[in-house]
Amino acid sequence: MHKREGVRMLAASRKELLLDRLRSEGRIVAKDLAAEIGVSEDSIRRDLRELDAAGLAVRVYGGALPASPAVVNYGARQSVATESKQRIGRYAARLIEPGSTVLIDGGTTALEIVRALPLEIECTIITHSPTVAAALLDHAAEVIILGGRLFKHSAVASGAATAEAATAISADRFFLGVTGIHEHSGLTTGDSDEAAMKRVLASRASETYVLGSSEKVGAVSRYRVLPLDEVAAVIVDAAGPASQTLSALAGSGVRLLEAS
């Protein structure tokens, strides 16, 4: 791209260019992009700060990564990637064995696990999500609810009381919901207290399985939950688009379970 053309283009739609690069390449290196299009690195960094503030990117050292669309409130998330979440939920439900004890996180993908779970299966389900618990009213499963302060954004109990209650339980498997799955940033979510609560729950289960619906793969949120080497597997959508992130995860030894 000619330098003068780059300046004219940036003056009109620089942020659109940055967002296009995030979508196509999965990251921006501020120094490299500034040199490519002939503007100062400070200009690119300023644009990235504004995109970060708008929730459209996540700034990291040297540049930015794509922001997750899964950080919007619970009601809005119900219309995001619904078919992908259903496939993930059906696969996860098949991993719940009769007689087992499982922890189910909050969120719209977690709710799809319950919707796919056979009514007659006898097991114990522990959750800090009132919506997940309510969806189990007609199931044979025993349900244990962890109480505490309601974090309305994600419709889950959170805080010290919930964390303390979690120390009294243990489970065979934990189905973990996150808002970002990225080969460099690992597993992330948009709230620091919620990230801490997820770590507590993961520590109470023998195995943790990540619910990786398509809108989360390749995206990043502000707060890290767990490194990828601390989970048993990531359940991903086999019908989802080809992803550089999934290829990188597989290449680094992360176990991927394909839901279809």
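Give the range 217-260 a look and list any residue that's open to solvent by 60 Å² or more (accessible area, probe 1.4 Å) and among the polar types (S, T, N, Q), or say none.
Passing the criteria: GLN244, SER247, SER252, SER260.
Would you pick out the residues in the range 97-116 that are surrounded by 24 or more Cβ atoms within 10 Å (Cβ to Cβ) and in a loop (DSSP other than H, G, I, E, B)?
ASP105, GLY106, GLY107
Does ARG14 meet the test of being at pLDDT 80 or above, open to solvent by 30 Å² or more (accessible area, probe 1.4 Å), not in a strand (DSSP E or B) and not polar (S, T, N, Q)?
No: the conditions fail for ARG14.
Please tell me if ARG199 is among the charged types (D, E, K, R), more than 26 Å from ILE125 (Cβ to Cβ) and open to solvent by 60 Å² or more (accessible area, probe 1.4 Å). If you could, list the steps in order and put the result at the bottom.
Values: among the charged types (D, E, K, R): yes; more than 26 Å from ILE125 (Cβ to Cβ): no; open to solvent by 60 Å² or more (accessible area, probe 1.4 Å): yes.
Answer is no for this residue.
Give the residue that is farthest from MET197 (Cα to Cα), with candidates limited to residues of the range 125-142 that are surrounded by fewer than 17 Cβ atoms within 10 Å (Cβ to Cβ) and not charged (D, E, K, R). Write out each step before concluding.
First pass over the range 125-142, keeping only residues surrounded by fewer than 17 Cβ atoms within 10 Å (Cβ to Cβ): 130, 134, 137-138, 140, 142.
Narrowing further to those that are not charged (D, E, K, R): 130, 134, 137, 140.
Numbers: PRO130: 15, ALA134: 21, LEU137: 25, ALA140: 27 Å.
Restricting to residues being surrounded by fewer than 17 Cβ atoms within 10 Å (Cβ to Cβ) and not charged (D, E, K, R), the top hit is ALA140.
Under 9 Å between Cβ atoms, at least 6 apart or on separate chains: pull out the pairs that start in the range 202-218 with a residue that is farther than 15 Å from SER247 by Cα and end on any residue that is of a type in the set (Asp, Glu) and open to solvent by less than 20 Å² (accessible area, probe 1.4 Å).
Hits for this filter: LEU211/ASP105; SER213/ASP237.
Does any residue in the range 11-40 that is over 17 Å from ARG59 (Cβ atoms) come within less than 9 Å, Cβ to Cβ, of a residue that is in a loop (DSSP other than H, G, I, E, B) six or more places away or on a different chain, and which pairs are these?
GLU36/MET1; ILE37/MET1; GLY38/MET1; GLY38/HIS2
Within the range 217-232, identify whether any single residue is aromatic (Phe, Trp, Tyr) and more than 14 Å from the chain's Cα centre (by Cα), and answer yes or no.
Checked the range 217-232: no residue is aromatic (Phe, Trp, Tyr) and more than 14 Å from the chain's Cα centre (by Cα).
When you scan the range 155-183, how many residues do you find that are in a loop (DSSP other than H, G, I, E, B) and open to solvent by less than 10 Å² (accessible area, probe 1.4 Å)?
Qualifying residue count for the region: 1.
The values are calculated or read from the model by the stated rules, or taken from the named source; none is laboratory data. Note that the structure is predicted; figures quoted are calculated from it, not measured. We place every Cβ from the backbone using ideal geometry, glycine too, and count neighbours over all the protein chains shown. To get the accessible areas, we keep the full protein, side chains included, count just its heavy atoms, and leave off ligands, DNA and RNA. Shrake-Rupley method; radii C 1.70, N 1.55, O 1.52, S 1.80 Å.
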